[in-house]
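S.K.: I'd like to ask some things about the structure below.
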Amino acid sequence: MSDGTDPPAFRRPVLAELIRRLREATHRIQVLSGPRQSGKTTLAQQAIRELGVPTHYASADGSRVPGPSWIEVQWNTARELAAAKGAGGALLVLDEIQKVPSWSGTVKALWDEDARNGIRVKAMILGSAPLLVQRGLGESLAGRFEILRVPHWSFAEMAGAFGWDLDRYLLFGGYPGAASLVDEPERWRAYILDSLVETTLSRDVLLLSRIDKPALLRQLFHLVCEYSGQILSFQKMLGQLQDVGNTTTLSHYLSLLDGAGLVAGLQKFSKRRVRQRGSIPKLLVRNTALMTAVSGICPDAARQDRAFWGRLVESSVGAHLLNTLPRGGQELFYWRERSAEVDFVLFDGRTTVAIEVKSGSRSGPTEGLERFRGAFHPHRQFLVGGSGVPLEPALRIPGRDWYHLPAPSPRSFDRPASGRR
């Protein structure tokens, strides 16, 4: 979304932090990283207007893949602006930087050259493939950058920007560019699959990573959308897929899809890291729009399909937690032993928070929370939906804040859930 409008309330702190960093005189490249349609370009444009400094903006997201010389041309343009401005310097903004082969080495050389010569060019880099941007930063730019991560739009942001209610958000997720199309479901679905999903797969993953089985990657993406909220072993995934592969390949492809901001595979919670890494994943979309679009289900049918609606509800909570957790030290897991399951477990190395999600299709006592409490003694545990925290407020609480919420009485989890949410 790049229409220049004011950002929703949850996005304003990101904008304020970006402006603060750009105003500092320290030598660090500012990196905005996040999935497509998360608002990176809009935030960059708003920051440019607020700063009021001479700026050169260029995007590598063209029909042809630019080479390292493209970066040099853009950088020299910014240098000319800086020279004309004098002590005030200039700002260079490079969008979709991950499209340029070996971009990080070129940026390092130019940045270090400016530092040696006292040239005042501040740089802001935008990338829509978080994993690939991170890979490039780690290769050459250690100690020279800071990252601001821009996640998918939350329920609070979609409600604030477009007046959406909870049901509409569950069905159509957090893609602001598709908001105007929701009254035409087929057109909305085509936009999500063609303009967002296929563009991400073909231009952010397949073009920039070595993928020996591109058909398998696409099938895996569709499989995760179909089974979002469910625990599924890689061996069972292979049984569902048409292309021949192995579990190692599937695990690698799932990591790439996660790095592109599309889907994820949560690990089972355990105090032992070895058991976590070898666990069966719980599949999860990072945006419920992907579930609805891939399923092809119409909104009325989705509301009547209790099983599908239940997976939407659970996936919306999981995606919200995953998207709003700060990087480093805070992680999201699931837990299951035989028939007892806890949908989501937050863990920061010391504090454990257990979260069970209830919908009309999953009523009944919370055996999983009871068993988990006996095994791990979590610091806090919550029921979302039913007799617990209502779903709408839960989707307004960032993942990091669940660690600090007042812990409810354990008896509140013994009552059966009621109602769809």
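S.K.: Assigning unit charges at the beta carbon (Lys, Arg +1; Asp, Glu -1) and nothing else, what dipole magnitude in debye, to the nearest 20, does the range 9-149 show about its Cα centre?
M.R.: On the way: 20 positive and 13 negative charges, 76 e Å.
The dipole magnitude comes to about 360 debye.
S.K.: Moving on to the next point. Assuming R0 = 45 Å, what is the FRET efficiency of residue 375 and residue 20, from their Cβ-Cβ distance, to the nearest 0.05?
M.R.: 0.55
S.K.: Figure the gain on full extension for residue 337 and residue 85 (residue separation times 0.36 nm, minus the Cα-Cα span) and round it to one decimal in nm. Mind dumping the intermediate values first?
M.R.: Working: separation 252, 0.36 × 252 = 90.72 nm, distance 6.45 nm.
The span from residue 337 to residue 85 would gain 84.3 nm if fully extended.
S.K.: Angle check, please: helix 306-324 long axis (alpha carbons) against the longest principal axis of the chain (alpha carbons), in degrees 0 to 90, nearest 10.
M.R.: Approximately 40 degrees, to the nearest ten.
S.K.: Right, something else. Compute the Rg/Rh shape ratio of the chain: radius of gyration over Kirkwood radius, all on alpha-carbon atoms.
M.R.: Numbers: Rg = 22.4 Å, Rh = 22.7 Å.
In the chain, Rg relative to Rh is 0.99.
S.K.: Here is a further query. Could you line up 64, 23 from fewest to most neighbouring Cβ atoms inside 10 Å?
M.R.: Details: 64 8, 23 12.
Least to most surrounded, the residues fall as 64, 23.
S.K.: Still on this structure, I have one more. For the range 148-256, give the magnitude of the charge dipole about the Cα centre (Cβ charges: +1 Lys/Arg, -1 Asp/Glu; no others), in debye to the nearest 20. Mind dumping the intermediate values first?
M.R.: Numbers: 9 positive and 12 negative charges, 89 e Å.
It comes to approximately 420 debye.
S.K.: Please state the relative contact order of the range 9-149 as a whole percent: Cα pairs under 8 Å, 6+ residues apart? Numbers along the way, then the final one.
M.R.: Values: 218 pairs, mean separation 49.9, N = 141.
Normalised by residue count, the contact order of the range 9-149 is 35 percent.
S.K.: Let me make sure I get this right: for the range 9-149, a, b and c are the square roots of the gyration tensor eigenvalues over alpha carbons, sorted descending. Under 1.5 in a/c it's rounded, otherwise prolate if a/b > b/c, else oblate. Which is it?
M.R.: rounded
S.K.: Subtracting the Cα-Cα distance from 0.36 nm times the residue separation, let me have the gained length for residue 327 to residue 142 in nm, one decimal. Working shown, then result.
M.R.: Numbers: separation 185, 0.36 × 185 = 66.60 nm, distance 1.72 nm.
Going from the current span to full extension adds 64.9 nm.
S.K.: Among 289, 224, 65, pick out the residue whose Cα is farthest towards the positive end of the charge dipole of the chain, where Lys and Arg carry +1 and Asp and Glu carry -1 on C-beta, about the Cα centre.
M.R.: Positive-end residue among those listed: 224.
S.K.: Next question. Can you find, among 179, 242, 160, the residue farthest towards the positive end of the dipole of the range 151-268? Put +1 on the C-beta of Lys and Arg, -1 on that of Asp and Glu.
M.R.: Positive-most Cα among the choices belongs to 242.
S.K.: Choose one of 321, 52, 121: the residue whose Cα lies farthest towards the positive end of the charge dipole of the chain (beta-carbon charges +1 Lys, Arg; -1 Asp, Glu; about the Cα centre).
M.R.: 321
S.K.: Okay, next question. Relative contact order for the chain: what percent, with Cα pairs under 8 Å and sequence separation of 6 or more? Could the numbers behind the result be given before it?
M.R.: Working: 729 pairs, mean separation 53.0, N = 421.
Taking the mean separation of contacting Cα pairs over the length of the chain, I get 13 percent.
S.K.: With a point put 7 Å past each Cα toward its Cβ, work out how far residue 27 is from residue 184 in nm, to one decimal.
M.R.: It works out to 5.2 nm between the two label points.
S.K.: What residues qualify as long-range amide H neighbours of residue 352, i.e. H under 5 Å apart, gap of 5 or more or another chain, H built at 1.01 Å from N?
M.R.: Answer set, sorted by chain and number: 379, 380.
S.K.: Based on alpha-carbon centroids, what's the gap between the range 216-238 and the range 143-212 in Å, whole number please?
M.R.: If we compute the Cα centre of each part, the gap is 20 Å.
S.K.: Now for a separate question. Between residue 64 and residue 109, what FRET efficiency follows from the Cβ-Cβ distance if R0 is 25 Å, with the result rounded to 0.05? Mind dumping the intermediate values first?
M.R.: Working: r = 23 Å, r/R0 = 0.92.
FRET efficiency, residue 64 to residue 109: 0.65.
S.K.: Among all lysine pairs in the chain that are eight or more places apart or on different chains, how many have alpha carbons less than 27 angstrom apart?
M.R.: Number of lysine pairs found: 21.
S.K.: Please give the charge dipole size of the chain, origin at the Cα centre, charges +1 on K and R Cβ atoms and -1 on D and E Cβ atoms. Round to the nearest 20 debye. Walk me through the numbers on the way to the answer.
M.R.: Working: 54 positive and 42 negative charges, 256 e Å.
It works out to roughly 1220 debye.
S.K.: Short version: ³J(HN,Hα) in whole Hz for each residue of the range 76-84, in order, from phi by Karplus 6.51 cos²θ - 1.76 cosθ + 1.60 (θ = phi - 60°), x for Gly and Pro, what are they?
M.R.: Result, rounded to whole Hz: 5, 5, 5, 4, 5, 4, 5, 5, 5.
S.K.: If you don't mind, there's one more thing I want to ask. What ranking do 177-184, 288-295, 107-114, 89-96 get when scored by the average of other Cβ atoms within 10 Å per residue, highest first?
M.R.: Ranked from most to least packed, the peptides come out as 288-295, 89-96, 107-114, 177-184.
S.K.: Based solely on its DSSP helices, what 222 nm [θ] is calculated for the chain when runs of n ≥ 4 H residues each add -39,500 (n - 2.57) and the sum is averaged over all residues, nearest 500 deg cm²/dmol?
M.R.: The per-residue figure over the chain is -12000 deg cm²/dmol.
Readers should treat all values here as calculations from the given coordinates under stated rules, not as data from a laboratory. Bear in mind the structure is a predicted one, so any value in this text is a computation, not a measurement. Cβ sites come from the backbone with ideal geometry, for glycine too, and all protein chains shown count toward neighbours.
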